[in-house]
Amino acid sequence: MRIFFLPLSLLPAVCLAATESRVLQAGDTRLRVEIVEVDDPARVRMLQRWIQEAAEATKTQSGRYPLPDAYVRIEETDRDDDSPVPWGQTRRRGETGVLLYVRRDASYEQLRADWTAVHELSHLFHPYLGDSGRWLAEGLASYYQNVSRARAGMLDAEEAWRRLDAGFRRGEAASTGARLDAMGRERGGTMRVYWAGAAYWLEADLALRRDSGTTLDAVLDRYADCCLHGTDSLAPQDFVSALDRAAGNDTFSALYRRYAATRVFPSLADAYAQLGISRDGDGLAFARTAKTTQLRDAIMASQRSPSTRSAAPASSPSRP
Ligand SMILES: [Zn+2]
């Protein structure tokens, strides 16, 4: 589907009437929320509430949106699908934004329990990285779809670790023998692209916390402030080099060289040992030492006041 951006004065009146538009502001950054052809005002308010919460969960560490200006466009669909959000996509044509297709009968609770909106909004933290950087892009969104939702109280913290691990297991099962940076969109590669990518960002986050006294959140915040343009296209190597400059070390490039060339799913044995996480059948066991608990909490615990959090759902559909 093509989206054309026209000055409002050129749009037909019927189109203006059919799109409910409002602007969310965070510091000096703005996110325009467009809800297309939803007639029921109560449902419009529900969709606004849902997307505002997802946008809140994907702010930078300093409380801004990653881009100075972006949009999120919500349309309803009658598609028969298990997911309340059957399809989402990031667009970078002229303006950067997120498209979300929401099942017409999806409830607020179903939408809040779904990861798609937070995943797509997390793509606003990086420029376009091309096919060879798709694993970095999808990995970042897949990492934060769990981390940010846990922090926002949409997901229990241990459940977030279990979902990351379930993703890593799907990635391991999908290893095809190709280099990670050469894997396109062919059948069977998706799980490895998404979840080896998520493993990269987890390992980077742990290395920064362990060796440099900083975090992935802090580096992405600094990068967004100095260098991020949503419509830019960057070679993956240039993106990780820019993150290294923001971090003041070579964590991202060193890990990038190892990951991009790998033909098997990366081992997370060291990362899991550091986190005090071990596999226990299909589930996970969590060590309760002060050091490991503190590290897991530092990644997953809410960074906002507990009074703003609400109950986390026990489970929800999980893709990919
Ligand atoms: Zn994605």
How many residues does segment 133-174 hold that are closer than 21 Å to residue 189 by Cα and away from the ligand (no atom under 16 Å from the Cβ)? 7
Identify all residues within segment 130-154 that are crowded, with 23+ Cβ neighbours inside 10 Å, under 17 Å from residue 204 (Cβ atoms) and of a type outside the set (Phe, Trp, Tyr); write none if there are none. 133, 136, 137, 139, 140, 141, 142, 145, 146, 147, 148
Single residue of segment 85-121 satisfying the filter (part of a loop (DSSP other than H, G, I, E, B) and more than 16 Å from the ligand (Cβ to nearest atom)) that is surrounded by the most Cβ atoms within 10 Å (Cβ to Cβ): 106
Among the numbered criteria (1) free of Cβ contacts under 8 Å to residues at least 12 places away in the same chain; (2) among the hydrophobic types (A, V, I, L, M, F, W, C); (3) in contact with a His (Cβ under 8 Å, 6 or more places away or on another chain), which one does residue 239 miss? (1)
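For every residue, the table says whether it meets (1) over 26 Å from residue 160 (Cβ atoms); (2) assigned by TED's automatic domain parsing to the domain that holds residue 208; (3) outside any helix (DSSP H, G or I); (4) modelled with pLDDT of 95 or more.
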residue: 231; (1), (2), (3), (4): yes, yes, yes, no
residue: 253; (1), (2), (3), (4): yes, yes, no, yes
residue: 263; (1), (2), (3), (4): yes, yes, yes, no
residue: 279; (1), (2), (3), (4): no, yes, yes, yes
residue: 284; (1), (2), (3), (4): no, yes, yes, yes
residue: 293; (1), (2), (3), (4): no, yes, no, yes
residue: 299; (1), (2), (3), (4): no, yes, no, yes
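The values are calculated or read from the model by the stated rules, or taken from the named source; none is laboratory data. Just so you know, these numbers come straight off a predicted model, no measurement behind them. FYI the Cβ positions are ideal-geometry reconstructions off the backbone, even for glycines, and counts take in every protein chain you see.
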